[in-house]
1. Being in contact with a Gly (Cβ under 7 Å, 6 or more places away or on another chain), touching a residue at least 60 places away in the same chain (Cβ under 8 Å) and under 24 Å from residue 15 (Cβ atoms) narrows it down to one residue among 110, 81; which is it?
2. Among the residues of the stretch 92-102, write down those that are of a type outside the set (Lys, Arg) and either loosely packed, with under 14 Cβ neighbours inside 10 Å or more than 11 Å from the chain's Cα centre (by Cα) (or both).
3. Do the conditions hold for residue 21, that is, is it in contact with a Leu (Cβ under 9 Å, 6 or more places away or on another chain), surrounded by 14 or more Cβ atoms within 10 Å (Cβ to Cβ) and of a type in the set (S, T, N, Q)?
Amino acid sequence: QVLLVESGGGLVQPGGSLRLSCAASLSLFNLYTMGWYRQAPGKQRELVAIITSGGNTNYADSVKGRFTMSRENAKHMVYLQMNNVKPEDTAVYYCNGRWGQSDLWGQGTQVTVSS
């Protein structure tokens, strides 16, 4: 069973915007800390942003001021609004959910920033 499903990836020009979504099939979704991670070719997976159950967010320095993470508990959704994207943002973006012993990952969505 796939519990986290990402969508919204694609090809975008530098300086453009993209919105990623993650649909979570989790019965206690509002308790989960949710995160967006990314992995570029040849690189390790890295944290992009997290949002706690209380709505507090933290961002990687490389995306601060450009990306915004949010959640809609009623819809079991999290989002990553990506503005002013750069070629170095090209990666597979993964949704992550953590609560207690649970550490769940989606299958990822490709984001390519290129002119």
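1. Result of the check over 110, 81: 110.
2. Result: 99, 100, 101, 102.
3. Yes.
Conditions tested, residue by residue: (1) modelled with pLDDT of 95 or more; (2) surrounded by 14 or more Cβ atoms within 10 Å (Cβ to Cβ); (3) touching a helix residue (DSSP H, G or I) at 6+ places or on another chain (Cβ under 6 Å); (4) within 21 Å of residue 30 (Cα to Cα).
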site	(1), (2), (3), (4)
68	yes, yes, no, yes
71	yes, yes, no, yes
83	yes, yes, no, no
88	yes, no, no, no
109	yes, yes, no, no
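The values are calculated or read from the model by the stated rules, or taken from the named source; none is laboratory data. Please read all numbers here as calculations on a predicted model, not as lab measurements. Ideal geometry is used to build each Cβ from the backbone, glycine not excepted, and the neighbour counts take in all protein chains shown.
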